[in-house]
Structures are given as structure tokens and as C-alpha cells.
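A.B. asks: Please see the structure below; I have some questions.
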Amino acid sequence: MIWLIQQNDLSVAKDILKRGFKAEAERTSIRYRKELDLEGHAPLCAFKLAEHLKIGVFKANEWVNSAKDIQLLNGSDWSALTMKGKSGSTIIIHNPYNSPARQQADIMHELSHIICGHSFENHDTGFQLPMGMRSFNELFEEEAKCLGATLQLTKDGLLWGLRNDMNVAKLAEHFNASTEMVNYRLRMSGAAKQYSYYK
């Protein structure tokens, strides 16, 4: 089995992404919206994208039994993991106690690892929630952070919202994202800077 704890750090992205990755992330986000018959500025639901990609998504509280474990899960900052079993099928387990916007980001991040074809070392230790095992690869995490955020909020979608007088809170509501995620994407995509030229 493979365990991966998703990181939800929206600090400034490190400059380790290969050239063209951000542009490809935008194209990937638009492509999946088209495949799901969505407008370019439409919100993309992580659960529907997972279904489209035939990736099972499960709540972590389905995998723990004791009240103590559920309480620990509810009070933790743990987000999600991707797990691959012996059959080769890949599933995502996420924390259902996080806010809906956070769950969207968590699942998008995990889907991004799968879309990017990231692989992680196997561990023989027991499967344990909510902590799980951590396999960290800095480049993989930066790629998943970039693609996951772009899947949630395309640059074109942000520009559409800004042109329709949406502030950060309205953008967050429209795209089912956190205000932190919106601010991150406005900055990293260059949408805020580009929009300032129109005013």
C-alpha cells in the first residue's frame, strides 16, 4: 500500500516546477471542464472529477471505529491521502470534518498526484488514520499544489469573476474555495495583475 499525507500549504510556490508546468496545468483544468460539459468559468467539483477519472473517494471516518479515533480525526489538521492496494486500484481517503472548501482542495491535490503520475515508496507499516504514513517528495508536492489549485480556480475563471465585479469572498463562494485559495491563485496565476491593466 502507498500512503501520502496531503500538504495544504498555500505559501509562495518554490521555483522548482519545470518550465511550462503552470501553463499545462491551466490547459489540463480547462480540458477536464470541457470533458464534464462545464463552462471555462464554472466551478469544478473535486468529487465529480474523481468520479470522471474513476477514482474512489472515501471519508476517513468510514475507516476508523473507535470514538477516540473519530474525535482525533475531527480535531486534527489532517487532510487526505492516496492509497494504492495490491489490486492496483487507487483510492483517496479524506477528512470529512474539514470545511467543504478545504475538502475540495484536499481532493484536488490528491487527484493532481494521480493525474501527474506521481509514485511513492511502499511502506510495510500498518495502515493508520488519521496520521497515516508520509512519503514526501518536494517536486511532487509543488506540482500537486500547483495543479490542484489550478483545477479549482483557472486563470480564465478568475478573470471572468473579476470582470463581473466579484471580490475575493464572492470568488470563493462561486468556486467553492477558501479565501486563502482564491488569494493564492490570484497571486500565482497573475490574474490580479492582469486585471489591474483593464481598470
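The numbers here are math on the coordinates, done by the rules we state, and not lab data. All figures in this text were calculated on a predicted structure; none of them were measured in a lab. For neighbour counting, all protein chains shown are included, and Cβ atoms are generated from backbone atoms with ideal geometry for every residue, glycine included.
A.B. asks: Only counting other Cβ atoms within 10 Å, I'd like E39, E142 sorted with the fewest neighbours first.
C.D. replies: Final ranking by Cβ density, sparse to dense: E39, E142.
A.B. asks: Once you place label points 7 Å from the Cα toward the Cβ at A67 and A42, how far apart are they in nm?
C.D. replies: 4.5
A.B. asks: Here is the link list: K68/K170; K48/K68; K84/K170; K54/K170; K59/K145; K18/K170. Which ones come out longer than 29 Å on Cα distance?
C.D. replies: K68/K170; K48/K68; K84/K170; K54/K170; K18/K170
A.B. asks: Exposure proxy check: E143, E24 ranked by fewest other beta carbons within 10 Å?
C.D. replies: E24, E143
A.B. asks: When R31, R185 are ordered from fewest to most other Cβ atoms inside 10 Å of their Cβ, what list results?
C.D. replies: Final ranking by Cβ density, sparse to dense: R31, R185.
A.B. asks: Which whole number in µm²/s is D for the stretch 21-198 by Stokes-Einstein, with the Kirkwood Rh taken over Cα pairs at 10 °C and 1.306 mPa s?
C.D. replies: Reported coefficient: 93 µm²/s.
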